[in-house]
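Student: Right, I'll just put the structure down here and ask away after.
What follows draws every value from the coordinates through simple rules; no lab data is involved. Keep in mind the model is a prediction, meaning the values are calculated, not measured. For neighbour counting, all protein chains shown are included, and Cβ atoms are generated from backbone atoms with ideal geometry for every residue, glycine included.
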Amino acid sequence: MRLPLIKHLTEFIEQNDRDFVIEAIETLEFLTESENLKDEELDVIGELISNMYGAVEVQEMMDSGTPKKEAMNAFMQRVMGSIDR
């Protein structure tokens, strides 16, 4: 996951609607079921999906009243904590 991409996607959600990102995630997830994708392509799609889910989670924290910077930091700390385990 890359924080700059999550931040950029969060801005998109703020300007538009979370449903656009949810629908894009669903489309990409469906695409991963194709047998015609190479492993490298699956890796890229998986990374995009991860960043999109991250942006949705950050936006949910912001909707609950957490300031944007705090929401981003909390999300990344949670991700880093799960990697360290």
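Student: Can you tell me which of L37, L48, L42 is of a type in the set (A, V, I, L, M) and outside any helix (DSSP H, G or I)?
Tutor: L37
Student: Separate question: Quick check on this structure: which one of T10, T66 is surrounded by 13 or more Cβ atoms within 10 Å (Cβ to Cβ) and outside any helix (DSSP H, G or I)?
Tutor: Going through T10, T66 in turn, just one is surrounded by 13 or more Cβ atoms within 10 Å (Cβ to Cβ) and outside any helix (DSSP H, G or I): T66.
Student: While we're here: Specify which of the listed residues (V79, V58) is of a type outside the set (G, A, S), touching a residue at least 60 places away in the same chain (Cβ under 8 Å) and in a helix (DSSP H, G or I).
Tutor: Being of a type outside the set (G, A, S), touching a residue at least 60 places away in the same chain (Cβ under 8 Å) and in a helix (DSSP H, G or I) holds for just one of V79, V58, which is V79.
Student: Moving on. Can you find a residue in region 12-20 that is within 23 Å of G81 (Cα to Cα) and either out of contact with any Gly (no Cβ under 6 Å at 6 or more places or on another chain) or β-branched (V, I, T) (or both)?
Tutor: Scanning region 12-20 turns up no residue that is within 23 Å of G81 (Cα to Cα) and either out of contact with any Gly (no Cβ under 6 Å at 6 or more places or on another chain) or β-branched (V, I, T) (or both).
Student: Applying the selection to region 13-34, what residues are over 19 Å from E47 (Cβ atoms), surrounded by 12 or more Cβ atoms within 10 Å (Cβ to Cβ) and among the acidic types (D, E)?
Tutor: Selection gives E14 alone.
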